[in-house]
1. Might you let me know whether the range 177-190 holds any residue that is under 16 Å from Trp130 (Cα atoms), surrounded by fewer than 24 Cβ atoms within 10 Å (Cβ to Cβ), touching a residue at least 12 places away in the same chain (Cβ under 8 Å) and over 13 Å from the mean Cα position of the chain (by Cα)?
2. Quick check, is Val88 among the hydrophobic types (A, V, I, L, M, F, W, C), farther than 30 Å from Val44 by Cα, touching a residue at least 40 places away in the same chain (Cβ under 8 Å) and touching a strand residue (DSSP E or B) at 6+ places or on another chain (Cβ under 6 Å)?
3. Please go through the range 297-331 and pick out each residue that is at pLDDT below 70, of a type outside the set (Phe, Trp, Tyr) and either outside any loop (DSSP other than H, G, I, E, B) or touching a Phe, Trp or Tyr at 6+ places or on another chain (Cβ under 9 Å) (or both).
4. Of the residues Val216, Val246, Val259, only one is on the phi < 0 side of the Ramachandran plot, of a type in the set (Val, Ile, Thr), touching a residue at least 60 places away in the same chain (Cβ under 8 Å) and surrounded by fewer than 17 Cβ atoms within 10 Å (Cβ to Cβ); which?
5. Can you spot a residue in the range 332-345 that is at pLDDT 95 or above and in a helix (DSSP H, G or I)?
6. Which residues, taken from the range 76-120, are under 21 Å from Gly241 (Cβ atoms) and in a helix (DSSP H, G or I)?
7. When the range 195-236 is examined, which residues are found to be outside any helix (DSSP H, G or I) and either of a type in the set (S, T, N, Q) or more than 26 Å from Ala128 (Cβ to Cβ) (or both)?
8. For the range 199-216, how many residues meet the condition of being within 25 Å of Pro99 (Cα to Cα) and over 14 Å from the mean Cα position of the chain (by Cα)?
Amino acid sequence: MPPPAVTDSPAPVTTTGPCTPGALRAAAPALLGYAAVRVVGLVVLAVAAAVTGKDGLHRLSGRWDSIWYARIAEHGYGYQAVLPDGTVHPDLAFFPLLPALERALTTVLPIDAGTAGLAVAWTASLLAAWGIYMAGAEVAGRRAGVLLAVLWGVYPTAFVQSMAYTETLFTAAAAWSLYAVLRGHWIRAGLLCALAGLTRPSAAALIAAISITALVTVVRERRLPPRLAVGVVIAPLGWLGYVLYVAVREGRPTAYFDVQAAWGNSIDGGRALARFVWTHLTGPTPLAGVGLLAALALLGWVVRLCLQVRPRLPLPVLAYTLGIVAVSLVGAAYFGSRPRLIMPAFPLLLPAALALARLRDRTTTLVLTGLALASAAYGAFTLLGPGPP
């Protein structure tokens, strides 16, 4: 994987639109670098699947949450699974944008919903890498932006970026929305935030980031620009629209939150996380609890680095990052899914991107190659194992 051949420039990436040929050429190192590390992940998965006699492609498109999205795309909402312990898991816990796109693709192409989900996720992953580059370059310069996009592709649970999941779709909408806010394009930011709100419940963090930034802007400028007001109004419509849809469908105002609670995803302020760590600290394998505490301490250290990074993170980026981390930790969700839930908080990787940007190209390439191989190995191990990511 060649080193990112770009200069460090903290100035705005482009003076025109982000999708012009010139802007695409500027983003090419980020997109190529990101694609390269994700191809490494897919190749390692294919080799491991061949060695173990398992179907690697099926693990990407036909397991865990991918099955639920495909079922919604094919049959609409209304299915629920009853587990042996009597708990009921309704499909209304899954937001509608990904299955809607899957259904649209299966209507015009001779493919099934699972394959359509992969097409959406892989396309969205490139859009996410592009948006991450644009936001990172706006904050810290082009070289840091390129490295930020590539580092997101070697995140420990980056294998999910190659699955028919919503992480790439959500991160693409969030990254471009944040970039729009940074450039003062409030309506565009609101529309992208609304799309994010149709993708994942964690869009609440993006809505909060846009709202807080708008409030600070109004107070500082002592005026309310019409486009800012419109953007803020649009931003929560996707998330609120789906919550209201579930409420109307089920006939009670708290229906969406009841659905999430049925999946064990209720907000408990982090009690489930603390209980999980304590159980492992005092159980038969206390070293596992120590490892969990170390992981949480590392996360806290990374958040602290983000608060201290220079140049200082702009308010919308900082608020979004802290919001995603908070949403990922305060719920009662399955502990193993929390690294995946935190993955859209791509600015957490900015301190590492800035550190790599100061190294020589050869050293940067060696580091990224090592990280890509480690991430790929972990992804193959997880995907070919029994548990959900």
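1. Checked the range 177-190: at least one residue is under 16 Å from Trp130 (Cα atoms), surrounded by fewer than 24 Cβ atoms within 10 Å (Cβ to Cβ), touching a residue at least 12 places away in the same chain (Cβ under 8 Å) and over 13 Å from the mean Cα position of the chain (by Cα).
2. Answer is yes for this residue.
3. Listed by number, the residues that qualify are Ala297, Leu298, Leu299, Gly331.
4. Val216
5. Taking every residue of the range 332-345 in turn, none turns out to be at pLDDT 95 or above and in a helix (DSSP H, G or I).
6. The answer is Asp91, Leu92, Ala93, Leu97, Leu98, Pro99, Ala100, Leu101, Glu102, Arg103, Ala104, Val120.
7. Thr199, Ser202, Arg222, Arg223, Leu224, Pro225
8. Within the range 199-216, residues that are within 25 Å of Pro99 (Cα to Cα) and over 14 Å from the mean Cα position of the chain (by Cα) number 1.
The values are calculated or read from the model by the stated rules, or taken from the named source; none is laboratory data. Quantities reported herein were computed from a predicted structural model and do not represent experimental measurements. Heads up, the Cβs are rebuilt from the backbone with ideal geometry, glycines too, and the neighbour counts pull from every protein chain shown.
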